[in-house]
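**Student:** Quick one: this structure, given as structure tokens, is what I'll be asking you about.
The values are calculated or read from the model by the stated rules, or taken from the named source; none is laboratory data. On a predicted model such as this, the values are computed, not experimentally measured, just so you know. No Cβ is skipped: glycine too gets one built from the backbone with ideal geometry, and neighbour counts run over all protein chains shown.
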Amino acid sequence: MQETADVLVIGTGTAGFTLALACRKGGRQVAVVDDKPYGGTCGRNGCEPEKYLMQAAQVVHLTRQMSGQGITVPAAMDWPALIRSKSAFSNGVPERTERAFQQAGIKMYFGTAHFLSPETVAIGSETTVRAETIVIATGARPAPLDFPGAGLVVETSDFMEMKNLPRRVLFIGGGCLALSFGHVARAAGADVTILQRGERVLKNFDLEMAQLAAKAARARGINIVTGITAAMAEKVQGAFMTYGKGGCTEAFPSDLIVNTSGRIPDLDPVDPEAGAVARSARGVTVNEFLQSVSNPRVWAIGDACDSPYLLSTVADMEAEVAADNILTGNRRRPDYQGVPSMAQAQPPLSFVGLTEAQARQSGKKFRINRGSTDSWPSSRRIGQQGGFYKVLIEEETGKILGAHLLGQNAGETINIFALALKFGISNSELRQILWTYPTFISDVKDMIE
């Protein structure tokens, strides 16, 4: 069966969803296709359902640290009930996504899409679609592990579907996923080990702040092992044993091994080369307008393109930009200024802008406001220990170059700094704002003096 479309979107996650609806609203005949249940990673088994688990871990952590401050019975996590609550949301994502497409008049296909030519895509074995514009929004997939016994390792999506949590959990990889899920497992009562091949965790974060986050994790009983690359896994007498390479003789026993080594663009099933679509290890190679550099009929957005961030907020922004350019011509460029990131650890760690190392490499003249927040009222009233802030301020202009927060509500407070960084608001201008008080955000004025 041969069909046509003005715009064919491959992938129905947050990026594909946003672009498809925008192009349909702009009057184009739009079709979408996905080889997985509609809704993408973020809604079904990524950031949205993850938040259910991490919010529960935060409540457990808060009650424990407030023991002796008026909270007498620390909370305990009911894992099966938590998974049911999470699933009540995530299981409905495909139906809600399909309903939105149907109401918008978007044609839906189900199956694996792959290029036959620069302008034609096959869906399964019976359908081909020739489209004026083809958008690759296939997202990312877990980076595969390559060692004997790697088949024993589960993905984070599997972790979030477990009816019962094992007693010992090992995470391979030391990025945001490892710290976030590690704290979830620890709050649920599991013994947790994080195995990281590099010499530090959270390599994309400021070194000083990452070290403080690791210290906080260890204080909560999480075993972080750095400098060891997983080389083999096997099952011995009902337990999993993971071994490192490079002369490491220590074995790391667990009842569950989870891959948190990172994510890579999910492009192989699409066969970009058959569509004359250039790509790199980072994704489809696009120009400043998110258009393929080798096939002008093709666009790529979200985790499938070689943009600097693998974040759902960035994917949505890129979808809006690409949709505008498809509808009205190449006029908009994605703006990556002031994009905040967060590791949902306990306490959370967030940042926006430059790290200290990046600021020094830039040659800019700046000063650093840094310090512990443990003595601040916002920390004392919740029994928080280990809170810290670090703000990089340009000497001449007072503009925020970077901000790094470790502590309760860091993921919310960092948005104030993102706003300042994006729109060039100086520290003196920020201090003129009368924040609601007492709040965590009102602490900003003490970070930027």
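**Student:** Is there a residue being on the phi > 0 side of the Ramachandran plot and not in a helix (DSSP H, G or I) anywhere in segment 26-34?
**Tutor:** Yes, that holds for at least one residue.
**Student:** Another question, if that's okay. When you scan segment 100-148 for strands (runs of 3 or more DSSP E) that lie fully inside it, which ones turn up with 1 or more residues that are within 30 Å of Met232 (Cα to Cα)?
**Tutor:** 140-142
**Student:** Taking the criterion of being farther than 24 Å from Asp158 by Cα, within 25 Å of the chain's Cα centre (by Cα) and not acidic (Asp, Glu), would at least one residue in segment 34-43 satisfy it?
**Tutor:** No, that holds for no residue.
**Student:** So, one more: Could you identify the single residue in Gly198, Gly174, Gly221 that is assigned to a loop (DSSP other than H, G, I, E, B), more than 22 Å from Arg263 (Cβ to Cβ) and of a type outside the set (D, E, K, R)?
**Tutor:** Gly221
**Student:** Restricting to segment 201-218, count the residues that are surrounded by fewer than 17 Cβ atoms within 10 Å (Cβ to Cβ) and assigned to a loop (DSSP other than H, G, I, E, B).
**Tutor:** Summing the residues that are surrounded by fewer than 17 Cβ atoms within 10 Å (Cβ to Cβ) and assigned to a loop (DSSP other than H, G, I, E, B) in segment 201-218 gives 2.
**Student:** Show the residue pairs meeting these rules: Cβ distance below 6 Å; 6+ apart or different chains; first residue within segment 335-352 and under 13 Å from Phe205 (Cβ atoms); second residue crowded, with 24+ Cβ neighbours inside 10 Å and basic (Lys, Arg).
**Tutor:** Nothing qualifies.
**Student:** For Pro269, work out the one condition from (1) more than 28 Å from Thr41 (Cβ to Cβ); (2) out of contact with any Phe, Trp or Tyr (no Cβ under 8 Å at 6 or more places or on another chain) it doesn't fulfil.
**Tutor:** So Pro269 meets the others, but not (1).
**Student:** Which residues, taken from segment 97-128, are surrounded by fewer than 18 Cβ atoms within 10 Å (Cβ to Cβ) and within 22 Å of Cys42 (Cβ to Cβ)?
**Tutor:** Result: Arg99, Ala100, Gln102, Gln103, Ala104, Met108, Phe110, Gly111, Thr112.
**Student:** Still on this model: Hey, among Gly189, Gly182, which residue is out of contact with any strand residue (DSSP E or B) (no Cβ under 6 Å at 6 or more places or on another chain) and not basic (Lys, Arg)?
**Tutor:** Every option except Gly189 fails the conditions.
**Student:** With modelled with pLDDT under 95, closer than 30 Å to Pro118 by Cβ and not assigned by TED's automatic domain parsing to the domain that holds Asn164 as the only criterion, which of Pro296, Pro272, Pro308 stands out?
**Tutor:** One residue alone meets the criteria, Pro308.
**Student:** Taking Gln385 as the residue in question, decide whether it is surrounded by 21 or more Cβ atoms within 10 Å (Cβ to Cβ), polar (S, T, N, Q) and within 30 Å of Thr63 (Cα to Cα).
**Tutor:** Criteria not met by Gln385.
**Student:** Let me ask something additional. Somewhere in segment 16-24, is a residue surrounded by fewer than 15 Cβ atoms within 10 Å (Cβ to Cβ) and assigned to a helix (DSSP H, G or I)?
**Tutor:** no
**Student:** Mind checking which residues of segment 330-357 are within 21 Å of Gly174 (Cα to Cα) and surrounded by fewer than 21 Cβ atoms within 10 Å (Cβ to Cβ)?
**Tutor:** Ser341, Met342, Glu356, Ala357
**Student:** Give the residues of segment 393-415 that are within 20 Å of the chain's Cα centre (by Cα) and of a type in the set (Val, Ile, Thr), sorted by residue number.
**Tutor:** Thr413, Ile414
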